[in-house]
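**Q** Sharing a structure below in structure tokens format, with a few things to ask.
The values are calculated or read from the model by the stated rules, or taken from the named source; none is laboratory data. Here the structure is a predicted model, which means the values were calculated and not measured. Cβ coordinates were reconstructed from backbone atoms using ideal geometry, including for glycine residues, and neighbour counts include every protein chain displayed. Surface accessibility is based on the protein's heavy atoms, side chains included, excluding ligands, DNA and RNA. Shrake-Rupley method; radii C 1.70, N 1.55, O 1.52, S 1.80 Å.
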Number of protein chains: 4
Amino acid sequence: MRIGILNSGGDCPGLNAVIHGVVGAASQLGWEVIGFKDGFEGLLPPGDYKVLKPQDTLGILKLGGTILGTTNKGHFAAKVGKGDIAEVPADIVAKAKRTMDQLEIRALVIVGGDGSLTTGLQLYREGWPVIGVPKTIDNDLRATAMTFGFDSAVSTVVDGLDRLHTTAESHKRIMVLEVMGRHAGWIALWGGIAGGADVILLPEIPFDTEKVAEFIKNRDSQGHHSTLVVVAEGAHLPDGELATIAENAGGEVRLGGIGDIIARRLESLTGKETRSCTLGHLQRGGAPTALDRILGTRFGVMAVKLAEEGRFGRMVSYQAYHVDSVPIEEAVNQLRLVEPDGEMVKAAKAVGICLGD
Amino acid sequence: MRIGILNSGGDCPGLNAVIHGVVGAASQLGWEVIGFKDGFEGLLPPGDYKVLKPQDTLGILKLGGTILGTTNKGHFAAKVGKGDIAEVPADIVAKAKRTMDQLEIRALVIVGGDGSLTTGLQLYREGWPVIGVPKTIDNDLRATAMTFGFDSAVSTVVDGLDRLHTTAESHKRIMVLEVMGRHAGWIALWGGIAGGADVILLPEIPFDTEKVAEFIKNRDSQGHHSTLVVVAEGAHLPDGELATIAENAGGEVRLGGIGDIIARRLESLTGKETRSCTLGHLQRGGAPTALDRILGTRFGVMAVKLAEEGRFGRMVSYQAYHVDSVPIEEAVNQLRLVEPDGEMVKAAKAVGICLGD
Amino acid sequence: MRIGILNSGGDCPGLNAVIHGVVGAASQLGWEVIGFKDGFEGLLPPGDYKVLKPQDTLGILKLGGTILGTTNKGHFAAKVGKGDIAEVPADIVAKAKRTMDQLEIRALVIVGGDGSLTTGLQLYREGWPVIGVPKTIDNDLRATAMTFGFDSAVSTVVDGLDRLHTTAESHKRIMVLEVMGRHAGWIALWGGIAGGADVILLPEIPFDTEKVAEFIKNRDSQGHHSTLVVVAEGAHLPDGELATIAENAGGEVRLGGIGDIIARRLESLTGKETRSCTLGHLQRGGAPTALDRILGTRFGVMAVKLAEEGRFGRMVSYQAYHVDSVPIEEAVNQLRLVEPDGEMVKAAKAVGICLGD
Amino acid sequence: MRIGILNSGGDCPGLNAVIHGVVGAASQLGWEVIGFKDGFEGLLPPGDYKVLKPQDTLGILKLGGTILGTTNKGHFAAKVGKGDIAEVPADIVAKAKRTMDQLEIRALVIVGGDGSLTTGLQLYREGWPVIGVPKTIDNDLRATAMTFGFDSAVSTVVDGLDRLHTTAESHKRIMVLEVMGRHAGWIALWGGIAGGADVILLPEIPFDTEKVAEFIKNRDSQGHHSTLVVVAEGAHLPDGELATIAENAGGEVRLGGIGDIIARRLESLTGKETRSCTLGHLQRGGAPTALDRILGTRFGVMAVKLAEEGRFGRMVSYQAYHVDSVPIEEAVNQLRLVEPDGEMVKAAKAVGICLGD
């Protein structure tokens, strides 16, 4: 018996733990595991892959990235945008299928995000023995209560805030940290609460920069002369405000991301020295946290169990502390966003954090 | 309105996050918080305490320990053993009550383990406005799915295993790491899975050292020349085996804890160079993880909410991702142990980890 | 006997260790230490300061920032630029002197960079009992072989590279990391060598982006599909190249710092996916490394010794593993830059690192 | 041209950096590198080795241990004790020589401590092209101002002290941390100063436990209720004191290392709750610090340079910030111990640290 595994889409801490889980569990069953390289691309003839034995996964739990490589481009990329998802062309599928057949792959574990799982769903519908493992560092998939990588990203944010905190204090500055989260603000919200942020700005909660400035001036008058602001990359200024900024700057403005924009706006509104910092790719790298290693391993184990039971077209999920599975078609494109009146937002507000609303 | 908070029992990462949560939430309500020092001792006249304002909790999220101090000794220590729990003497309670009255404390948040919450229960039954926050680094309380400190302890174990891993590999050794867990093996189990341990020995699962030795010899014959063993401090050798070890050693044996004992036994049974290491108090210190900071903060927020609603005699708990509460009397002395056929044990076995059974 | 201490200029890991060293050593002599807040500003009447006792410095060794606060603005700021250094106006000096006299400060320890020490020199020449402690995270002061903060900044760079390394590998990308170093490239050079960078670009070594692109294409052809580039913020493109980039982009280009510029240029020249990341203020924060804590402590101890011996107008320095001192006037404005044919550059080239020349 | 490299003796952070430096520099010269496994053992016919290309060293800078394996046992082990060093038997040398000849190894880089370099010296005298790289985590070799691994070990000690600090504070305890250093106390001294220890006990400085107890009681009376003690494993109680302890304990005493002994003694003398912790092998593992990676890399580069220049029988050394070399015979068995009146000891005393003398 031989099964395949591939990683697809963006890098995420814990990918190697999933590989470790799949190889470990398969090996206990006496199965062989084929790791395809660089996402689906490794399936194209003549096939780019390697046999994965337990000794090949020795020491990989602690490594970021993936020993298989991954890509968010290539021949299989399902474009997700405005509701349309491009199908993978029939000739590409046919070529890849030949590799599957030649290698006698009896189950294919696809570790990927929404786009990659949509491709997986297409392949499953065309008869492939597909098993999905969800990968979203933003932890924004409705079908699973937790995804690996999120805890590591939050930890990186918290480490960043811990660093900025003493600098902000020493210089009585506003420090703005831009973090990941294009649609969902979970990383900003969790990271901000754990890292002692004073202001957290999210894509899901429209905010008013002037209210934030007022909040900061109030802090100042109470003797808190520094302020830490966390902003998700997907947070956006109210309509018109960006234009105002550009206008004030006489058109000469050379802005970076939203963190930079917020920083300039707050500096101008409060008169306080303000600096911004963008974590960017640092959030995707580094050794995964204990939690992400465990979650990844358990996801890998469940993927092999699904293969053993012949339950294809399903995606591993985590619900109420148990690892289980759901049909892939029920899982894709179902985002879980921060609810403006949810428990975590309420907790943030309860300790006095400003969300700008 | 004025409320009190105290920490009681052993040190645990996240205690300061609870204080941060309580002070932050109380401050939003316009309440004053009194922090009693060194557990219940701070309640004894003339009272050893300080007023906690938000600026006093600035930067404490990232600190281990507790800014209030704690103790697992003193006048209030409820001895837990063989089912008997000593009541706090009436005169001590009366004295402490006087401090409560003089300071007009309307709610007392007790952050403590089984013993301290048992004392809390006694005080509640005598009419005190007690609110409990569970503190067990072992995460072994049935009434809450998670407690703060556990994730930090597991992270310390994983860091230790990451360090020992390369040494074990380089020297082809068996390395034994003894970790916390007197009754429950959760830290060993989670830490072991995340840290890539090959063998995990728990209090809940009787193990056979010879089976473990056999497992290691098997690994050797397959080309895996190093082995990482995690053993919970509460794990115990089968009856008689300790005597055998002492006898073999001609009575001269000078043994440390269980980790040391297991190391010597495995060295003798396998003929392989073996070293042991005990993490001890390193597991209780250090900056709490993001998760523990958030959980602690949320627990603190909920404690204030219970105070606001006048729901005394209850303990904060975490269930299905929500922070809620349960009656203290239903919570104390209800341990949640590792189930030998539970999901985590199965996952460990699925990836080939030996549990010695 | 009473002495004063102040921090001036930008934040730097190890500032608290200097304070710890000064307070510890002064306390052993039975002296009192006054810590002035926010740089020289704390000297202005009525004086903003606190008495520092050993218990006030408990636990500060591990903290970034400074418990005294600092500023690189204010009434004393010596503008360093084009060789001109502004003197502090006589009325400001006179005011500050009054505070010195009222508090009977017998020695003033100034922990600062070139600008602040120039101010210190002016004050010394006007009769103040000034002792300087050099602070430059860039480690670019000729008069001392090492300054605290540098090792911590390098460690942060290495941690960043370790994170980017796995991501670069997984995605076969070029990753560009922009680090501190406006005039001197030491942080980039040390960080790059320790973090396994493939390319290091410095202010001191003119580089040719096309040579770098050639180097990367060569790597690709040898099977190394990812490349890590470290660039110091003060590194600069050859004349004309920036204009070319803007032109190619049709004038629409919205560029960030040099890291971003290099990334776009390399992406365009090699056709490889490229990402950039700027560490920024993350390099100034966080717990100082062991080395920086020791160096800071030793600097503080020496400052007190100089005060004891009445040797004013001198700056603490580190030479050949010994902490010593030099006249401030010989120390300021004497930069130590990376020598293009120095030992470290040669070592980098010896292991195949490209410096773009 | 082909050169060999082997690691011998105990594990040490930075070994992989040396390998990285040797392979990188050799590759620039177009040379091939053979890595022998498990120390000198890999030289025995048929030879256990692998060809090391640059891609084999990708990502190893950040790994503890050594990718080549090492051993402090085996056929070549030079027993160092009481001034006698065992020669390697002639037949073993002859066998190993055959491997050298067959593989046409033109230079052999031996990365090892005193024992291994003594073996290296023997081989050099018998005509082998030996180049030594010093490896001593204790940094106690007179011939070089610094050795890789030391900074990493000190960092681990500091991390341990940071963890114990908050626990000690919270519980008002004495915490004793036993660290490496059988003959030289550098790790304890540096780690203790950087980690904020209150007491440091070294092999080189005879101490009086009662003086230490007095110091702690004094602290208590001044309001410092917790004390951090660092003790090097090679520190020893004054004659007779151990007997007293055993006697007091009625012969039933079951003691661990010196840390444990000191802890019991201080608990008995001060009446304060005391706990001890032994770092052990944790100090040898983990990612090397930036400094150790750089030093290791530079040592590797110099080893190749010595090979290029045909300067055999020499050991790489570090002096006054330059990497240079010395004859192996002048380097072995020349320890550099902590001088009781040296600068570092004086600095420790200056800030009020007790050394027990």
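**Q** Could you say which residue among A:ILE67, A:ILE5 is of a type outside the set (Gly, Ala, Ser) and either open to solvent by 70 Å² or more (accessible area, probe 1.4 Å) or not in a loop (DSSP other than H, G, I, E, B) (or both)? Walk me through how you get there before you give the answer.
**A** On the way: A:ILE67 fails: either open to solvent by 70 Å² or more (accessible area, probe 1.4 Å) or not in a loop (DSSP other than H, G, I, E, B) (or both).
Result: A:ILE5 is the single residue among A:ILE67, A:ILE5 that is of a type outside the set (Gly, Ala, Ser) and either open to solvent by 70 Å² or more (accessible area, probe 1.4 Å) or not in a loop (DSSP other than H, G, I, E, B) (or both).
**Q** Write out, first by first residue and then by second, each pair whose Cβ atoms fall under 7 Å of each other, whose residues are 6+ apart or on separate chains, and whose first residue, in the range D:50-65, is within 9 Å of another protein chain (Cβ to nearest Cβ) while the second is open to solvent by 70 Å² or more (accessible area, probe 1.4 Å) and not in a strand (DSSP E or B).
**A** Hits for this filter: D:GLY65/B:GLU169.
**Q** Step by step: first the residues of the range B:277-296, then only those that are at the interface with chain D (Cβ under 10 Å from one of its Cβ atoms) and hydrophobic (A, V, I, L, M, F, W, C), then the one that is surrounded by the most Cβ atoms within 10 Å (Cβ to Cβ). Which residue is that?
**A** Here the residue is B:LEU279.
**Q** Quickly run through the range A:299-335 and pick out the residues that are away from every other protein chain (no Cβ under 14 Å), within 22 Å of A:GLY14 (Cα to Cα) and more than 18 Å from the chain's Cα centre (by Cα).
**A** A:ARG314, A:VAL326, A:ILE328
**Q** Would you mention how many residues in the range D:299-325 are open to solvent by less than 20 Å² (accessible area, probe 1.4 Å) and either among the polar types (S, T, N, Q) or assigned to a helix (DSSP H, G or I) (or both)?
**A** Selection size over the range D:299-325: 8.
**Q** Shifting gears a bit: Could you please find all residues in the range A:188-217 being open to solvent by 10 Å² or more (accessible area, probe 1.4 Å) and over 21 Å from A:LEU279 (Cβ atoms)?
**A** Hits for the range A:188-217 are A:PRO206, A:ASP208, A:GLU210, A:LYS211, A:GLU214, A:PHE215, A:LYS217.
**Q** Go through the range B:9-20 and report how many residues are open to solvent by 10 Å² or more (accessible area, probe 1.4 Å) and under 25 Å from B:GLU104 (Cβ atoms).
**A** Qualifying residue count, the range B:9-20: 1.
**Q** Please enumerate the residues belonging to the range A:290-323 that are closer than 13 Å to A:ALA17 by Cβ and hydroxyl-bearing (Ser, Thr, Tyr).
**A** The one that is closer than 13 Å to A:ALA17 by Cβ and hydroxyl-bearing (Ser, Thr, Tyr): A:THR297.
**Q** Also: Check B:ARG219 against each of (1) without any contact (Cβ under 8 Å) to a residue 60 or more places away in the chain; (2) at positive phi and name the one condition it does not meet.
**A** With (1) without any contact (Cβ under 8 Å) to a residue 60 or more places away in the chain; (2) at positive phi applied to B:ARG219, the lone miss is (2).
**Q** Considering the range C:226-244 alone, what residues qualify as being within 14 Å of another protein chain (Cβ to nearest Cβ) and modelled with pLDDT under 95?
**A** First, pick out the residues of the range C:226-244 that are within 14 Å of another protein chain (Cβ to nearest Cβ): C:226-230, C:233, C:242.
The one that is within 14 Å of another protein chain (Cβ to nearest Cβ) and modelled with pLDDT under 95: C:LEU242.
**Q** Looking only at the range A:264-276, count every residue that is open to solvent by less than 20 Å² (accessible area, probe 1.4 Å) and either within 11 Å of chain C (Cβ to nearest Cβ) or among the polar types (S, T, N, Q) (or both) and tell me the total. Give the derivation first.
**A** Here is the first cut: in the range A:264-276, the residues open to solvent by less than 20 Å² (accessible area, probe 1.4 Å) are A:266, A:274.
Of the ones still in play, those that are also either within 11 Å of chain C (Cβ to nearest Cβ) or among the polar types (S, T, N, Q) (or both) are A:274.
Final tally of qualifying residues: 1.
**Q** For the range B:332-347, enumerate the residues that are in a helix (DSSP H, G or I) and surrounded by fewer than 23 Cβ atoms within 10 Å (Cβ to Cβ).
**A** At the first step, the residues of the range B:332-347 found to be in a helix (DSSP H, G or I) are B:343-347.
Listed by number, the residues that qualify are B:GLU343, B:MET344, B:VAL345, B:LYS346.
**Q** Among residues belonging to the range B:245-263 that are among the charged types (D, E, K, R) and loosely packed, with under 13 Cβ neighbours inside 10 Å, point out the one that is modelled with the lowest pLDDT.
**A** Here is the first cut: in the range B:245-263, the residues among the charged types (D, E, K, R) are B:247, B:252, B:254, B:260.
Then keep just the ones that are loosely packed, with under 13 Cβ neighbours inside 10 Å; that gives B:247, B:252, B:254.
Working: B:GLU247: 67, B:GLU252: 48, B:ARG254: 51.
Of everything passing the filter in the range B:245-263, B:GLU252 is modelled with the lowest pLDDT.
**Q** Among (1) modelled with pLDDT of 75 or more; (2) within 24 Å of B:GLY256 (Cα to Cα); (3) in a loop (DSSP other than H, G, I, E, B), where does D:GLY223 come up short?
**A** Tallying (1) modelled with pLDDT of 75 or more; (2) within 24 Å of B:GLY256 (Cα to Cα); (3) in a loop (DSSP other than H, G, I, E, B), D:GLY223 fails exactly one: (2).
**Q** Does the range B:139-181 hold any residues that are within 15 Å of D:GLY285 (Cβ to Cβ), away from chain D (no Cβ under 11 Å) and without any contact (Cβ under 8 Å) to a residue 60 or more places away in the chain, and which are they?
**A** B:VAL158, the sole residue that qualifies.
**Q** Determine, yes or no, whether B:PHE150 is more than 15 Å from B:VAL316 (Cα to Cα) and at pLDDT below 95.
**A** On the way: more than 15 Å from B:VAL316 (Cα to Cα): yes; at pLDDT below 95: no.
So B:PHE150 fails the test.
**Q** Being open to solvent by less than 40 Å² (accessible area, probe 1.4 Å) and either out of contact with any strand residue (DSSP E or B) (no Cβ under 7 Å at 6 or more places or on another chain) or assigned to a strand (DSSP E or B) (or both) is the filter here, so list the residues in the range A:21-41 that pass it.
**A** A:GLY21, A:GLY24, A:ALA25, A:VAL33, A:ILE34, A:GLY35, A:PHE36, A:ASP38, listed by residue number.
**Q** Right, here's the next one. Taking D:ILE92, is it touching a residue at least 12 places away in the same chain (Cβ under 8 Å) and under 21 Å from the mean Cα position of the chain (by Cα)?
**A** Values: touching a residue at least 12 places away in the same chain (Cβ under 8 Å): yes; under 21 Å from the mean Cα position of the chain (by Cα): no.
Judged against the criteria, D:ILE92 is not a match.
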